[in-house]
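Please read the structure below before turning to the comments.
The values are calculated or read from the model by the stated rules, or taken from the named source; none is laboratory data. Just so we're clear, the structure is a prediction, and the values are computed from it rather than from any experiment. Cβ sites come from the backbone with ideal geometry, for glycine too, and all protein chains shown count toward neighbours.
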Amino acid sequence: MFKPIISIIFLITAIVIFFVWFQPVFNEIKDLGAQKASFDEALFTSRQIQETRKGLLDQYNTISQENLDRLNKIFPSQPGSIKYIIEIDNILRKNGMVLKSINIQEKAGGSQGVAFGVEKQPFEIFPISMKVTGSYKSFYSFLKDLANNLRLTDINTLEFSPGGTSDQYDFSISASIYWQK
């Protein structure tokens, strides 16, 4: 009769030891398995990103220097205000027009006018205003050449008034030019 009681005590002791010591270890092993799966997924995603980056870098390296120069002219990494003024002056002269005045207001960087929660843009906008004189036909050609110019320019407002002679007009242009931050 003593043997079955000792067997039951050993059995109960074994069950208690299992739940007190070994069950937390098993739960920790399950948690580590879940973490391993999470890390494996992050590693897989990281490898995909590396492959995509390598593919994009290979594509970028296939772009010719001439095309890169054209892209930098379209969307320069510096304001280049003087270069832009020279470009405008050359286009005006080509079309027989005269530049009376030009003003580029370079804005200070920062978060001016940015609403809460809105991401900053990767570009900066510079307002430009100019006054030119010439015939309507010359001005029309100037606008076509400006549209075909590689440097991004958005014309915001355009005003004109009669000039000194019958074929001459004074044009006031307000525009925006862009550059990368």
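Remarks
- The set of residues in region 123-177 that are of a type in the set (Asp, Glu) and over 20 Å from LEU71 (Cα atoms) comprises GLU159, ASP167, ASP170.
Conditions (1) under 30 Å from LYS144 (Cα atoms); (2) touching a Pro at 6+ places or on another chain (Cβ under 8 Å); (3) among the hydroxyl-bearing types (Ser, Thr, Tyr), marked per residue:
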site: ILE9; (1), (2), (3): no, no, no
site: THR13; (1), (2), (3): no, no, yes
site: GLY33; (1), (2), (3): no, no, no
site: THR52; (1), (2), (3): no, no, yes
site: TYR60; (1), (2), (3): no, no, yes
site: GLN65; (1), (2), (3): yes, no, no
site: LEU71; (1), (2), (3): yes, no, no
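- Whenever a residue of region 165-181 is farther than 11 Å from PHE126 by Cα, its partners that are basic (Lys, Arg), lying with C-beta atoms within less than 9 angstrom and at least six residues away or across chains, give the pairs ASP167/LYS137; ASP170/LYS100; ASP170/LYS131; PHE171/LYS131; SER172/LYS131; ILE173/LYS131; LYS181/LYS120.
- So THR165, is it of a type in the set (Ser, Thr, Tyr) and modelled with pLDDT under 85: yes
- For region 126-153, a residue qualifies if it is surrounded by fewer than 12 Cβ atoms within 10 Å (Cβ to Cβ) and either of a type in the set (Gly, Ala, Ser) or closer than 16 Å to ILE104 by Cβ (or both), and exactly one does: ALA147.
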